[in-house]
Amino acid sequence: MPVEPFSAIDVRSGRRRVELAVLVTVFVASAMFALAERQLLFAAICAIGVIVHALAAWRHVEIHAHRMVLNGSVLVVSAVLLARYLSSDEDILISLGHYVTLIQLCKLFERKKSRDYVQVLVMSLLLVLAGAMKSQDLLFALLGLGYLLSLSYAAMALMVWRSLTAALQQETFLARLGPGWRGWPGRAVLGRLGVVVIAMIATAVAVFLVAPRGAGGGAPPLRVPSARGAGGMADTVRLGEPKSLYLSDRIVLRMVLRSPGGEDLGPSGLLYLRGRSFHDYVDSRWRTPVRRRQHFPPQPLADVLNRTVRQEVQMLPSLLPMAFATYPAVAVSSSQVVVRTFDDLEYDLKPPQLLDSSVRYTARVLTGPLSPRARAYLRAVTPRPRYEDLAGLEVSPRVELLARQWCADPLRSRRGRQDPGAGPQDLAIARRLASRLKQRCRYTLDLTGADPDRDAVDDFLFRLRAGHCEYFASALTVMCQALDVRARLSTGFCAHAYDAEAGCYVVRQRDAHAWTEVYTDQTGWVVVDATPSGRFSPPAGGGLGRWWTRARDVWWRWEFSWHAEVIGYDNQARRQLGSWMRNRAAGGWQAVKRAALAVFWGLVELFARGRISEAVVWFFGGMAAVTGAIAAGLILLRFRRPARRGWRAAPAPKPPAFFVHLLHVLHRHGLGRDPSRTPRELARQAVEQLHVPAGALDEVVSLYYRIRWSRGSASAEEIRAAEQHVRRIGEILSA
Amino acid sequence: MQIALGRHGNGSLGLRVRAWAWVAAGAVAGALVAPAHAGWMVRLACVAGGALAGALWVAAGTVRLTVAGWIFLGASVLVAATAINSGLPLLFAMFGCMLGALHVSAVLSRRMAIAVGVRRDCPARCRQGRAVAVGYVLRSGPRGGACLSVRVEESGRGAPELPPAHCGYVPARGEAFARTEMTPSRRGRIHLERLAVTTSFPFGLVFASRELRQEATLVVWPARGRLIGSLLQKGEALVASPSPSVRAGGQDEFYGLREYRLGDSARWIHWRRSAGRREPVIREMSRPRPRTLWVVLETHLPDSSAASIGRRERAIRLAGTLIEDSLAAGYRVGAALVSAGRCVVIAPADRRAQRHRLLDALAGVEDHTTCHLPEMLGRLRQTWLRHAHVVIIDGSGSADALAEETLSRLRRHCRSLSIIGGDRVAEVFEDDPGVARAEGD
C-alpha cells in the first residue's frame, strides 16, 4: 500500500489537523451506529482503519490504495451486503448503515482532497441519521453531542485548510513566508466552534420544543424489550434454577400519587405495585392461564371513581406490556397506549407504534376501607376464587405437614366450617406462616446451590433455607393453598423510596418483588409479604465499589429522566409547556401593568398631595440603579476604548517644552528645522552659523534624546537646567 | 499602489445602519398589519415577524446558499419530514441542529464579511504577458473578532479575470495579507472598481459577500521584445565629470586630470599623479552625450481585420522596446503618437519619468481616424529634430504614401531617419514569444 508524505503546502496548511478531526468524526459516527444496532463488528473494523490513518497523519504521511483496488473493494462490499440483505431479514436501515460504514472506510484509503473529506463527513452524517432512527438512548444522544462537536470542528478546519492551501499555492517561496503568514488559527477556530455549537444546540432545543409531533403510523411495531431480566417481570415465575441474581439500581418507574381532588399526596408508605398474579404452581413454576381472558368490566359508578387515588405512572417501555398499580385499580387510562383489562383487574398496555419514550398512564386505585358501593363493584368485576380451584394442587407432603405444624392453632379455630376458606382465620394462617418463614429462612440472591431436580419450595424450606422474594412468596402461597387458604402469588414492584425533590415515588429495578395475596370475603385480596425486611437496603460495599454503584445510580437516574422528559415529550407536553409560558408571560405583563399603574398613581399623589408612596420609591430607586449601571458601563467602555483600537499606530509623543522652545528660538533667527535633519545636525548647524555656545546646546539636545528615545526619565532639575540653557541661547542670539 | 480608505471597516457602519433600518421598518409594518382587536401577544408576534422579515431581507442581500447549502437544506427538509412521520425525538433534534447550522452559517459568514476591511495593494503598472502580483491587506474590525477563510476578488463591470486571493485567517483587530497573480494578455488600462469580500465559513453552506468600492487603474505596458541589429548608434562625448555616470553600461572614458577642488570625492584622486605635485589632482571622465530619438508611431487601422490589429500591436511593442532600449542606452527619447484618442507629442527627455510617460502613452494607443502620420510629423518642431534620430514605425502601412516633401524636410532637419513598417518589422524586431503565441491563438 503506497505511503506518501504530505506536500510542503499540506504540512504548512495544517492538513494533519483536518485529517485527525475527520477521523475522529468518522469514528464517533460509526460508534454511534454500532450503539444503535448493538453490534460492534463494523465499528471495530472502522476503528482499525481510523487508527491506521491517524497514526499516518500524525507523521504527516498519507496511506492510500490504488484506485483499482478501491473500486474493486467497493464492488465487493456492495455485492456482499446486497447478498446478505437478500438472504436475511435484516432491517434495511442496518444494511445501509453497514454499507455506508464500509464505503467510508474505502474512502479513507483513497488519495484525499478536500472534496473527499467532505464526502466522508457527509457519509458519517448519514450514518448518524440512520442510528438516530434506530436508537433514542441517552448514551446515543451524548455521543451525538460529541459527534456534533467533532463534525463542526472538522468542517470548520476543512474550510480553513482549503483557504490556507489556496493562499499557499499563490506563494512562490514556501520556506520564506512573509510576516503576514500566521499559520494555523487554532484558537480562532476553537472560539468559533463554541459559538457554532451553542447556536446549533439552541436551535435544536427550540425546534425540539416547538415542532409538532405527528400521529406516527407506518412505523415498525414495538421491539419486544428484554424486560424478562427486569426481576420477576415475566409471564411465568420459574424457581429452582441454580444462579446468582443481580438487581440493579436502574430507575424503571416513577409514580405520583394524587388525591381525588388532584393534590399531591406525598409519601404514603410502602406500596405494592402489582403487575401479574399467579395461581397455579406446577413443577417449580408459577404459570398464568394459557389463555388469559380479556375482560370488559362495567364502568365504576361516579362516587366510586371519585374516591379513588390517582397513580400517575411513568415507566420505561422495557416493562411493557404490564401496567403496575396497587390493587385494586378500577381504571387505567393512557393517551399513549391502548389499555386492555383482564381478569383480576390486571391491565396490559399495548403501544400503537414504535415507542422508545417512557410510557405514561394513570391508574385509579381504591385504597383504605372500601365503601359498600366499592365493595359491591369489586365483587361484580372480580369473582370470588372458587375453593375447587385448589383441588388439583400438587404440594409436597413435607411442605403441607410443616404448614400444619406451624398453624396448628389457627387451623383448630377454623375446623368444622363448611367452606373453610375466605374467613378471617385465613388471614391469620397466612400471617402465621409468613412470620415463621421469616424466622426459618434468610434472604439471599445467591441461589447457585439450588437443585433443579427437586421441588423448589421443598428445596427452599428443607435444604437451602435461603432464597429471594419469589421463594418466600412461593413457599407462603403454596403452604396457604395446602391449608385451603385462597392465596395467589403476585409480582410487581415494591415502591418504598420517595423522592421529595421530584415529588414522586422512585422505583428501581432492584425493587422488583414477589409477594402473596390472601383472599377473605371481608377484605378481598390482602397482601401478605413473607420476605424478611431489610432487602431494600442498597448493596453494601466500600471504596471504589460504592463510588461505582453511586455513579451507576446517577447514570440510571439520568437515563430515566431522559426517557421520561425528553424522549417522552409529545404534543400534550408541548401544549402544557406552551400554556405554562403563556401564563407566565401574561402574569408578567399583568405585573408590569400593575407596577406602571402604581407608579403612575404614586406620582399623581406625589404631585397632588406631596405623599411619597412605596411604588414611587421603588421606581426612582430602580431608575437610579439603571442609570448608574449605564453610566458605569459607559465609563468602562471609555476605559476599554484604547485597547480596542490597539491596532492603530500610537501617536508620536509630544516633545518636551524646552526643546520646542529651542526650536522656536532657532527658527526666529533663521534656522528652521528641516525634517531630514536630526536634532544633533541642527545643533551643529546652529553652532556653525549662529555661533551658539556648543556646550549648552549639546546638553539640551542630549537631554531631549534621552527623554525621546531612551525612554529615560529626566529629573526636574535637569529639565530646569535645560530650560535655562535655552533661555540663555535666546538671549545670546537676541543680543 | 495603495488606495487609502477613509474609515476602517469600509463602510460597515453604513451597512449596520441600513440593516437596522430594515429591521425597524419590518417591525413597524408588522405592527400596522396586526389586527386591531388582537391581543397583545398577537401584536407582539406580528411585530417580531415583521422584524424577522426585515432581517431576512437584509441578509438576503449579502447572504446566499451555496450548492452544498441547497443540498443540505433539502436534506434537512427530508429529516424533518421523517421526524414528523416517525415521531422520533432525536430526529427532531437533528433537524434542529441542521437548521441551526444553516442559521449560524448565515450569521457568522455575514458578520465576517462585514467586519473585514480590505485595502488593495497592487502596482500601478505592469507589462503585457508578465505576471503581476496583486496584494490585499485585510483588517478585522474592532468588534468583528477573527475572520476565517476569507476570499477577495475583483468585481464590478469589466473586472479582469483575476483569480481570487485567499486568506485563511485574519486575527481580531489585526491584519493579514492575501495575494493573487494575473498575467495581462493585452496592453491597455485595467480599471479596478470594486472588491468583493466573500466567505463561506464555517460550513461552506452559506456564502456571504460584500462589495467595496476601491478604484484603481493598472496600466499594462506593451510586451517587451528584442531588437535585432543596431537601430541606435553610439553617442558622442560632450561633458566631463570627476565621476562616471550613474547609469550602468555607459561608455565613460578617461578625459584628463585637473586640480582637486573642495567637495570632490577623494575616491577620484589620481594618487600616482598627485604624488609628484603639491596638491592632489583628480581624474575626469568623459560621458557620452545623450542623443535624441524620436519615435513616431502610426496606428491608424485601414480595416478592422485581425491581421491589421495584430500588425498594429506588433508595431506598438516594437515602439515600446525601442523606447526602453534607447533610454537604457542614454538617449533622450520623444514620441509622437495617438493615445487616448488624440495626437500626443511627448518632448524628448531621459530619466525614469519619461519612460513611464512614453510607455503609458503606448498603453493607451487606440484605433483612431483623427490624426494621421503627416499631421503627426508636422507637429514635430524643427528644433526638436536637430541632431535627432527619427524612427517612424508604421503599423498601418500608410508610410508608403508619405509625400517626398515631408520626407525631405525630415531628412534635412534630423540626423537620421528610419521608417519601419510592413515586413521590415520582422527584420528588426523579435516579439515576446509568449505574447506572440497568445495573439496567434
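List the residues of the stretch A:96-134 whose accessible area drops by at least 50 Å² when all protein chains are present, compared with their chain alone, using a 1.4 Å probe and counting only protein heavy atoms. With the partner chains in place, the stretch A:96-134 has these residues losing at least 50 Å²: A:Leu129, A:Met133. Here the calculated FRET efficiency for B:Val345 and B:Thr183, from their Cβ-Cβ distance with R0 = 25 Å, stands at 0.20, rounded to the nearest 0.05.
Straight-line cross-link reach from A:Lys112 at under 20 Å between alpha-carbon atoms covers these aspartates and glutamates, not counting any fewer than eight positions away in the same chain: A:Glu4, A:Asp10, A:Glu19, A:Glu62. A dipole drawn for the protein assembly as shown from +1 and -1 charges on Cβ atoms has a positive end, and of B:Leu195, A:Tyr327, A:Thr236 the residue lying farthest that way is B:Leu195. The slack between B:Arg273 and B:Ile309, meaning 0.36 nm per residue of separation minus the straight C-alpha distance, is 6.7 nm. Under the combined filter of DSSP loop state and at most 10 neighbouring Cβ atoms within 10 Å, the stretch B:149-213 retains these trypsin sites (Lys or Arg not before Pro): B:Arg157.
Short-range pairs are left out: with C-alpha atoms under 8 Å and at least six residues apart, the relative contact order of chain B is 12 percent. Sequence-distant contacts, meaning Cα pairs under 8 Å at least 6 residues apart, place the relative contact order of chain A at 11 percent. Charging the Cβ of each Asp and Glu at -1 and of each Lys and Arg at +1, and nothing else, the dipole of the stretch A:657-734 about its Cα centre rounds to 200 debye. When only the Cβ of Lys, Arg, Asp and Glu is charged (+1, +1, -1, -1), the dipole of the protein assembly as shown relative to its Cα centre reaches about 3280 debye. Restricting the trypsin sites (Lys or Arg not before Pro) of the stretch A:109-143 to loop positions (DSSP other than H, G, I, E, B) with no more than 11 neighbouring Cβ atoms within 10 Å leaves A:Lys113.
Were the residues from A:Asp553 through A:Ser435 laid out at 0.36 nm apart, the gain over their Cα-Cα distance would be 39.2 nm. Charges on Cβ only, +1 for Lys and Arg, -1 for Asp and Glu, centred on the Cα centroid of the stretch A:3-210; of A:Ala199, A:Phe6, A:Phe33, which one is farthest towards the dipole's positive end? It is A:Phe6, whose Cα lies furthest towards the positive end. Evaluating 6.51 cos²θ - 1.76 cosθ + 1.60 at θ = phi - 60° for every residue in the stretch A:314-325, the Karplus couplings come out as 10, 9, 5, x, 5, 8, 4, x, 7, 10, 10, 7 Hz, glycine and proline recorded as x. Between the helical axis of A:544-561 and the longest alpha-carbon principal axis of chain A there is an angle of about 90 degrees. Label chain A by shape, choosing from rounded, prolate and oblate, from the square roots a ≥ b ≥ c of the eigenvalues of the Cα gyration tensor; if a/c is under 1.5 it is rounded, and otherwise prolate applies when a/b is larger than b/c, oblate when it is not. Since a/c reaches 1.5 and a/b is larger than b/c, the shape of chain A is classed as prolate. Inter-chain neighbour count for B:159-166: the average number of beta-carbon atoms from partner chains within 10 Å of each residue's beta-carbon is 2. Leaving ligands and nucleic acids aside, the B/A contact buries around 4400 square angstrom of accessible area in total at a 1.4 Å probe radius.
Please work out whether the stretch A:657-734 counts as rounded, prolate or oblate from its C-alpha gyration tensor, where a ≥ b ≥ c are the square roots of the eigenvalues and a/c under 1.5 means rounded, while otherwise a/b larger than b/c means prolate and anything else oblate?
Working: a/c = 1.91, a/b = 1.32, b/c = 1.45.
Judged from the Cα gyration tensor, the stretch A:657-734 comes out oblate (a/c at least 1.5, b/c at or above a/b).
A crude spin-label estimate for the pair A:His667 and A:Ala376, with each label 7 Å from Cα along the Cβ direction, gives 11.8 nm.
Positive end of the dipole of chain B (Cβ unit charges, origin at the Cα centre): among B:Gly330, B:His270, B:Leu138, the Cα lying farthest that way belongs to B:His270. Taking Cα centre as origin and charging only the Cβ of basic (Lys, Arg, +1) and acidic (Asp, Glu, -1) residues, the dipole magnitude of the stretch A:3-210 rounds to 840 debye.
Pop the C-beta distance of A:Glu90 and A:Val52 into the FRET formula with R0 = 35 Å and round what comes out to the nearest 0.05.
Details: r = 28 Å, r/R0 = 0.80.
Here the calculated transfer efficiency is 0.80.
Rounded to the nearest whole Hz, the Karplus-based 3J(HN,Hα) values (6.51 cos²θ - 1.76 cosθ + 1.60, θ = phi - 60°) of the stretch A:568-584 follow the sequence x, 6, 10, 4, 5, 5, 5, 5, 4, 4, x, 5, 4, 5, 4, 5, 4, with x at glycine and proline.
Among B:Val107, B:Val132, B:Val79, determine the one that fluctuates most according to a GNM of chain B built with springs between C-alpha atoms less than 10 Å apart. Fluctuation is largest for B:Val79.
Carbon-plus-sulfur fraction of the accessible area of the protein assembly as shown, 1.4 Å probe, in percent?
Numbers: 34370 of 59780 Å².
Summing carbon and sulfur atoms, their accessible area is 57 percent of the total for the protein assembly as shown.
Please say if the stretch A:503-617 is rounded, prolate or oblate, where rounded means a/c under 1.5 for a ≥ b ≥ c the square roots of the C-alpha gyration tensor eigenvalues, and otherwise the choice is prolate for a/b larger than b/c and oblate otherwise? Note, shape of the stretch A:503-617 comes out prolate.
Backbone amide hydrogens, once placed in the peptide plane, bring A:Gly568 within less than 5 Å of A:Ser358, excluding anything fewer than 5 places away on its chain. Can you give the mean number of other chain Cβ atoms that lie within 10 Å of the Cβ atoms in peptide A:194-201? Taking all residues of A:194-201 together, the mean is 5. Taking all protein chains into account, the per residue accessible area for the stretch A:228-535 stands at 43 Å² (1.4 Å probe).
What ranking do B:379-386, A:680-687, A:585-592 get when scored by the average of other Cβ atoms within 10 Å per residue, highest first?
A:680-687, B:379-386, A:585-592
Between A:Ser333 and A:Arg38, what FRET efficiency comes out of the Förster formula 1/(1 + (r/R0)^6) with R0 = 25 Å and r the beta carbon distance, rounded to 0.05? Efficiency, from the Cβ-Cβ distance: 0.15.
Please compute the net charge surrounding A:Asp426, taking Lys and Arg as +1 and Asp and Glu as -1 over other residues with Cβ under 9 Å from its Cβ. Spelling it out: positives minus negatives among the neighbours equals +1.
Relative contact order of the stretch A:3-210, taken over Cα pairs closer than 8 Å and 6 or more residues apart, is 32 percent. The mean accessible area for residues of the stretch A:541-644, using a 1.4 Å probe and ignoring ligands and nucleic acids, is 75 Å² per residue.
Find the accessible area per residue for the stretch A:3-210; the probe is 1.4 Å, ligands and nucleic acids are left out, and the unit is Å². Present the calculation step by step, with values, prior to reporting the outcome.
Numbers: 9660 Å² over 208 residues.
On a per-residue basis, the stretch A:3-210 sits at 46 Å².
Of all aspartates and glutamates in the structure, those lying under 15 Å Cα to Cα from A:Lys134, and not within fewer than 8 positions of it along the same chain, are A:Glu37, A:Glu90, A:Asp91, A:Asp356. A DSSP coil position with no more than 15 other Cβ atoms inside 10 Å describes the following GluC sites (Glu not before Pro) in the stretch B:290-385: B:Glu366.
Which order do the peptides A:298-305, A:462-469, A:512-519 take when ranked by the mean count of other beta-carbon atoms within 10 Å per residue, highest first?
Values: A:298-305: 13.2, A:462-469: 18.5, A:512-519: 25.8.
Highest-to-lowest ranking by the protection proxy: A:512-519, A:462-469, A:298-305.
Ignoring lysines fewer than eight residues from A:Lys438 along the same chain, the ones with Cα atoms less than 29 angstrom from its Cα are A:Lys243.
Working from label points 7 Å from Cα in the Cα-to-Cβ sense, the B:Trp57 to A:Leu142 distance is 4.9 nm.
The values are calculated or read from the model by the stated rules, or taken from the named source; none is laboratory data. Keep in mind that what you see is a predicted model, and the values were worked out from it rather than measured. Cβ coordinates were reconstructed from backbone atoms using ideal geometry, including for glycine residues, and neighbour counts include every protein chain displayed. To get the accessible areas, we keep the full protein, side chains included, count just its heavy atoms, and leave off ligands, DNA and RNA. Shrake-Rupley method; radii C 1.70, N 1.55, O 1.52, S 1.80 Å.
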